[in-house]
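Asks: I have a structure I would like to understand better, so I am pasting it below and will then ask my questions one at a time.
What follows is calculated from the coordinates using simple rules that are stated; it is not laboratory data. The structure displayed is predicted, hence computed values, not measured ones. No Cβ is skipped: glycine too gets one built from the backbone with ideal geometry, and neighbour counts run over all protein chains shown.
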Amino acid sequence: MKAIAQSGPGKPEELVMTELDKPVAGSGEMVVRIHAASLNPVDYKMMTAGHPSWSYPHVPGVDASGTVEEIGEGVTEWRKGDRVVFHASVFAGGVCAEYAVTTAHTVSRIPENISFEAAAAFPCAGLTAYQALVRCMHIQPGQSVFIHGGAGGVGGYAIQLARVLGAGLIMTSCSSHNFDYVNKLGADLAFDYNNEDVHARMIEAAGGEGPDLILNTVNRVISQKDLGALSFGGQLACIAGAPEIVADFHPSTKSFTLHKLMLGGAHLSGSIKAQKELAAMGNEFLGLMAKGLIDPMIEETIGLAEVPQALKRLSERHVRGKIVVKVL
C-alpha cells in the first residue's frame, strides 16, 4: 500500500512516500480502507523524538475515516463496507496511508449525510473539545466560557460546542486577522493575544468576576494565569500542561475545579472503558454534525504527497481550522 512514512525521528519535511505491507487485523481489530485523514499538532510533535513503541518506517496520523476492509476474530458489530471514523493510538502505526488497523471498539459510525472528509476532520480536536466542555466541565446554558486559541482545531470546535450548548458568553483569543473567523464560529468576543492583556479582558468582559469555564490549549504558564482569572467556583480544563499551585496563590479564594486532559490517555492507559468512551463521544459529536450544528472547519484538502509540507506549516502555526488529507 502507499503511505507517507518516516525512517527515523525527524522533521515533518523528511517524510517520504513509500510502499508498505497492508496491515492485517488481529483479534478485536479491523483494517480500514482509508478515504480521508486529518492532521494535528500531535503528529509533528511526536515525529521529532519518536516513541519507544514505534517501529520504522513509521506512518504518522491519528485521525481517519474510511470503510471497513477486514475484521478480526471476535468483532461482531461491524461488517465489511461499513463507514467508520476513529482516533487511533499515537503509540501505534498511523493513518496517512491507504490502509490502517485499529481496535474495533474505538470506531464510530459515520452518518450517511456526512462525507469522509468532514468525518476525518474532527476526532482529535473535536473529541478533545467535547471531552473538556461536556464530559469534564459539564457546561451549562448561560455560563461564561473562555477558550484559548479559537482559530485552531480544538478552539474552533470548542467555540461551536459552547454555542450549541447554550453558553451565555463565549470569549476566545487569536490573532486579530482571525477575529471574523472565530466570530462566525460563534465567539461573542475575541481578544488579540499579541497586543492585549487577555486575562484582564476576560475578567472585565465577565462582569469583573471572570469566566465560569476556561479551556487552555496553550501551555502551563498561561494556565497558571488562567487560575487567577477564573470566577469563584470556576473550572479550568488544560490540554497543554496543568498549572502549579504556587506559594502566592490560595486555592480557597477561587474554590476551582481543575481538569487535566489527554485524549490519547485512553489508549496509553489500556482502559477498555476509556477507549469505548472515544467511540461514544464520536457518535455524539457526529450526531451534532449530522444536524448541521457543527462545521468541520476544513480549510484545506490535500493529497498524501503534500503531507510533509502541510505538517511543516502546521508546526509553524500558519494554519487555522483543519487540514484534511484525501486518500481515496
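Asks: What 222 nm value per residue comes from the helices of the chain, counting each DSSP H run with n ≥ 4 as -39,500 (n - 2.57) and dividing by all residues, nearest 500 deg cm²/dmol? Provide the component values of the computation, followed by the final result.
Replies: Details: 10 runs with 93 residues, N = 328.
Result for the chain: -8000 deg cm²/dmol, rounded to the nearest 500.
Asks: Here's a follow-up. Please name which of Gly153, Phe232, Leu169 has its Cα lying farthest along the dipole of the range 125-262 towards the positive end, using unit charges on Cβ (Lys, Arg +1; Asp, Glu -1) and the Cα centre as origin.
Replies: Most positive-ward Cα: Gly153.
Asks: Considering only the range 61-207, what is the antiparallel percent among its DSSP beta bridges, to the nearest 5?
Replies: So the antiparallel bridges in the range 61-207 amount to around 50 percent.
Asks: Treating only the Cβ of Lys, Arg, Asp and Glu as charged (+1, +1, -1, -1), what charge dipole size does the range 34-142 show about its Cα centre? Round to the nearest 20 debye. Let's see the in-between values first.
Replies: On the way: 6 positive and 10 negative charges, 62 e Å.
Dipole magnitude for the range 34-142 comes out near 300 debye.
Asks: First check a/c for the range 103-145, with a ≥ b ≥ c the square roots of the eigenvalues of its C-alpha gyration tensor; if it is under 1.5, answer rounded, and if not, answer prolate when a/b is larger than b/c or oblate otherwise.
Replies: Here the range 103-145 falls in the prolate category.
Asks: Which net charge results when you count Lys and Arg as +1 and Asp and Glu as -1 among the other residues whose beta-carbon is under 14 Å from that of Val62? Intermediate values should be presented prior to the final figure.
Replies: Working: positive: Lys45, Lys322; negative: Asp43, Asp63.
Computed value for this residue: 0.
Asks: Could you order peptides 95-105, 215-225 by the average number of other Cβ atoms within 10 Å of their residues, highest first? Can you show the working numbers first?
Replies: On the way: 95-105: 23.3, 215-225: 20.1.
Those peptides, ordered most packed to least, come out 95-105, 215-225.
Asks: Give the peptides 70-77, 151-158, 26-33 in descending order of average Cβ contacts within 10 Å, highest first. Before the final figure, lay out the partial values.
Replies: Values: 70-77: 13.2, 151-158: 28.9, 26-33: 19.1.
Top to bottom by mean Cβ count within 10 Å: 151-158, 26-33, 70-77.
Asks: In a shell of Cβ-Cβ distance under 9 Å around Met171, excluding Met171 itself, what net charge do Lys and Arg (+1) and Asp and Glu (-1) give? Could you put the intermediate results ahead of the total?
Replies: Numbers: positive: Arg201; negative: Asp188.
Charge balance in the 9 Å sphere: 0.
Asks: Where does helix 220-229 land angle-wise versus the long Cα axis of the chain, in degrees 0 to 90, nearest 10?
Replies: On a 0 to 90 degree scale, this one is about 40.
Asks: Would you order Phe116, Phe86, Phe256, Phe232 from fewest to most other beta-carbon atoms within 10 Å of each residue's own beta-carbon?
Replies: Sorted ascending by nearby Cβ count, the order is Phe232, Phe256, Phe116, Phe86.
Asks: Quick check on the range 125-262: take the gyration tensor over C-alpha atoms, sort the square-rooted eigenvalues as a ≥ b ≥ c, and tell me if it's rounded (a/c under 1.5), prolate or oblate.
Replies: Working: a/c = 1.42, a/b = 1.27, b/c = 1.12.
Since a/c stays below 1.5, the shape of the range 125-262 is classed as rounded.
Asks: In the neighborhood of His51, defined by Cβ-to-Cβ distances under 13 Å, what is the net charge if each Lys or Arg adds +1 and each Asp or Glu adds -1?
Replies: Net charge around His51: 0.
Asks: Moving on. Can you match semi-axes √(5λ) of the Cα gyration tensor in Å to one of these, [x] 34, 20, 19; [y] 38, 21, 18; [z] 45, 24, 22, based on a calculation from the structure here?
Replies: Computing semi-axes √(5λ) of the Cα gyration tensor in Å and matching it to [x] 34, 20, 19; [y] 38, 21, 18; [z] 45, 24, 22 gives [x].
Asks: Students often check this: by mean Cβ neighbours within 10 Å, which of 119-130, 35-46, 1-12 ranks highest, and how do the rest follow?
Replies: In descending order of packing, they fall as 119-130, 35-46, 1-12.
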